[in-house]
Amino acid sequence: MIPQLGLGRRLRFGMVGGGATSLIGDSHRVASRMDGHYDLVAGAFDIDPARGRAFGTEIGVAADRIYDTYQDMLAGEAKRDDRCDLIAICTPNSTHFEIARAFVEHGFNVVCEKPLTTSVADAVALVDAVQARGVIFAVMYGYTGFPLVREARAMVAAGELGEIRVVHTEFAHGGYTVASATGDAPPTWRLDPKIQGPSFALGDIGTHALFLATYIIGQQASEVAADLHSFVPGRTLDDNAHVMLRFDGGAKGTLWASGVAAGVIHGHRIRVFGDKAGLEWHQSHPNELLLLPRTGRPTVIERDTRGLSPASLHRQRVGAGHAGGYFEAWANIYSDIADVIAARLMNRPPEPLALQFPTVVDGARGVKFIDAAMASSQRGGAWVSAEL
Ligand code: NAD
């Protein structure tokens with residue numbers, strides 16, 4: 001059962017980027033539609049205005065709300081009584097800051113792609129702008145919408161693993177094992193430091209791995225020691241990162257982010273060990289969480305309705321035995337955001353379980369983590385503070 005908003009209407013949703021040729025735009029559209037909380041009513045979908053207009057028309061957006069640029073969209077939406085309730089920013093990394101700040105300063109709620117920005121100064125400025133304007137701001141660490149990731153978090157919070165000692169988190173795939181000119185890696189902006197930011201491995205996927213760890217264990221990375229490297233000749237940016245982590249609650253961790261894990265398609269997983277038990281979760285098998293008690297049999301916890309915590313049960317769409325997946329995880333985040341927006345519009349407190357989505361501060365911590373890891377690697381792996 002998916003809780004209703006009680007608002008008496010759908011929320012109005014707009015997008016910047018995410019056009020016809022984009023990788024991630026459809027994920028936002030599908031996730032926002034799944035529970036019926038949003039209508040996509042506006043967009044500046046593409047860096048190419050003609051392509052963006054054609055796309056907006058194709059997916060049913062009214063002509064007067066398809067905009068050529070995000071600046072036009074901001075100007076057009078800001079003066080409407082029925083302005084968008086939420087703007088998704090689905091453009092390449094280097095554009096997030098200026099687009100997000102502009103919408104925030106005009107009082108729009110935002111869900112922004114990761115990494116939040118390409119510099120710590122911009123990330124901090126965005127946090128300040130969000131706090132000054134009091135808008136709702138989410139960052140799309142979509143994997144934390146999986147019910148069993150939320151279950152893992154609830155189990156750690158309830159002490160089922162005991163005191164958390166060790167975390168290993170990784171996002172390592174083989175998509176960039178060879179150079180684009182000679183092989184199969186996509187020749188995108190992702191390897192261009194002007195657009196990607198200072199690190200490919202950490203900016204493209206490493207912050208997902210970090211956030212998954214901090215989300216589950218409820219501790220923040222306080223210090224990092226890193227070794228970043230580019231294995232493929234000719235690359236300006238790293239394609240592999242090993243990072244040791246010290247968390248503020250005493251846990252120790254390792255993070256591996258890589259584009260050169262040959263043969264691996266996606267490779268996002270986490271292992272957490274306390275003094276009572278361990279946990280393992282693999283994004284390729286998201287409906288199974290492995291619990292490893294210190295004594296007794298290992299148990300596979302399924303995305304089922306029996307015995308799960310309220311944190312993972314509150315957005316169950318299909319019954320036991322039916323697989324839930326990537327889009328459902330993203331929809332959980334979109335629907336949590338919807339509840340918080342609706343609560344504000346209705347002057348009611350948000351559903352406490354909706355307050356599980358990643359925020360602007362989580363996004364900024366990811367940017368600080370990248371910066372600290374870069375500094376560490378440049379200093380031969382010295383420990384560097386990762387505190388925001
Ligand atoms: P992409 O290059 O495939 O698509 C980018 C889209 O933005 C295109 O439609 C492009 O025309 C449009 N665009 C670019 N600049 C624009 C501007 N100034 N105004 C309006 N539209 C503009 O990129 P992508 O792979 O979809 O990645 C976009 C963002 O999503 C990146 O920040 C990336 O890191 C992030 N991403 C996140 C996840 C995740 O799991 N959360 C997965 C993939 C990508």
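When both the stretch 78-145 and the stretch 233-256 are represented by their alpha-carbon centers, they are found 26 Å apart. Sequence-ordered 3J(HN,Hα) estimates for the stretch 72-81 from the Karplus curve with 6.51, -1.76 and 1.60 and θ = phi - 60° stand at 4, 5, 4, 5, x, 6, 4, 9, 8, 5 Hz, glycine and proline given as x. Taking 0.36 nm per residue of separation and subtracting the current Cα-Cα distance, fully stretching the chain between Ser284 and Leu355 would add 23.0 nm.
Of Arg294, Arg33, Arg190, Arg271, the residue with the largest accessible area leads and the full order is Arg294, Arg33, Arg271, Arg190 (1.4 Å probe).
Just for the chain, what percent of DSSP beta bridges are antiparallel, to the closest 5?
60 percent
Solvent-accessible surface of the chain, averaged per residue with a 1.4 angstrom probe and all protein chains in place: 42 square angstrom. In this view, the solvent-accessible surface of Ser180, computed with a 1.4 Å probe and all protein chains in place, comes to about 60 Å².
Counting Lys +1, Arg +1, Asp -1, Glu -1, what net charge surrounds Leu245 among other residues with beta carbon under 9 Å of its beta carbon?
+1
Let me make sure I get this right: for the stretch 314-366, a, b and c are the square roots of the gyration tensor eigenvalues over alpha carbons, sorted descending. Under 1.5 in a/c it's rounded, otherwise prolate if a/b > b/c, else oblate. Which is it? Here the stretch 314-366 falls in the oblate category. With a/c under 1.5 counting as rounded, go ahead and sort the chain into rounded, prolate or oblate using the C-alpha gyration tensor (a ≥ b ≥ c being the square roots of the eigenvalues; past the cut-off, prolate if a/b is larger than b/c, else oblate). Because a/c hits 1.5 or more and a/b fails to exceed b/c, the chain counts as oblate. Specify whether the C-alpha gyration tensor of the stretch 56-121 places it in the rounded, prolate or oblate class, a ≥ b ≥ c being the square roots of the eigenvalues: rounded for a/c under 1.5, otherwise prolate if a/b is larger than b/c and oblate if not. Since a/c reaches 1.5 and a/b is larger than b/c, the shape of the stretch 56-121 is classed as prolate. Okay, which of the stretch 17-59 sit inside 20 Å, backbone N to the point 7 Å along the Cα-Cβ direction of Arg9? Under cut-off, by backbone N: 32-43. When a 1.4 Å probe is rolled over the protein heavy atoms, the share of accessible surface on the chain that falls to carbon and sulfur comes to 54 percent. Converting phi to 3J(HN,Hα) with the Karplus coefficients 6.51, -1.76 and 1.60 and the offset θ = phi - 60°, the stretch 202-214 yields 7, x, 7, 9, x, 5, 4, 5, 5, 5, 4, 5, 5 Hz in sequence order, with x at every glycine or proline. Compared with the direct C-alpha span, the chain from Glu387 to Asp128 gains 91.6 nm at full extension, assuming 0.36 nm per residue. The modelled label-to-label distance for the pair Ala320/Ala179, using points 7 Å beyond Cα in the direction of Cβ, is 5.6 nm.
The values are calculated or read from the model by the stated rules, or taken from the named source; none is laboratory data. Keep in mind it's a predicted model, so treat the numbers as computed, not measured. Note: ideal-geometry Cβ built from the backbone for every residue, glycine included; neighbour counts use all protein chains shown. For the accessible areas, the whole protein counts, side chains as well, though only heavy atoms, and no ligand, DNA or RNA atoms are used. Shrake-Rupley method; radii C 1.70, N 1.55, O 1.52, S 1.80 Å.
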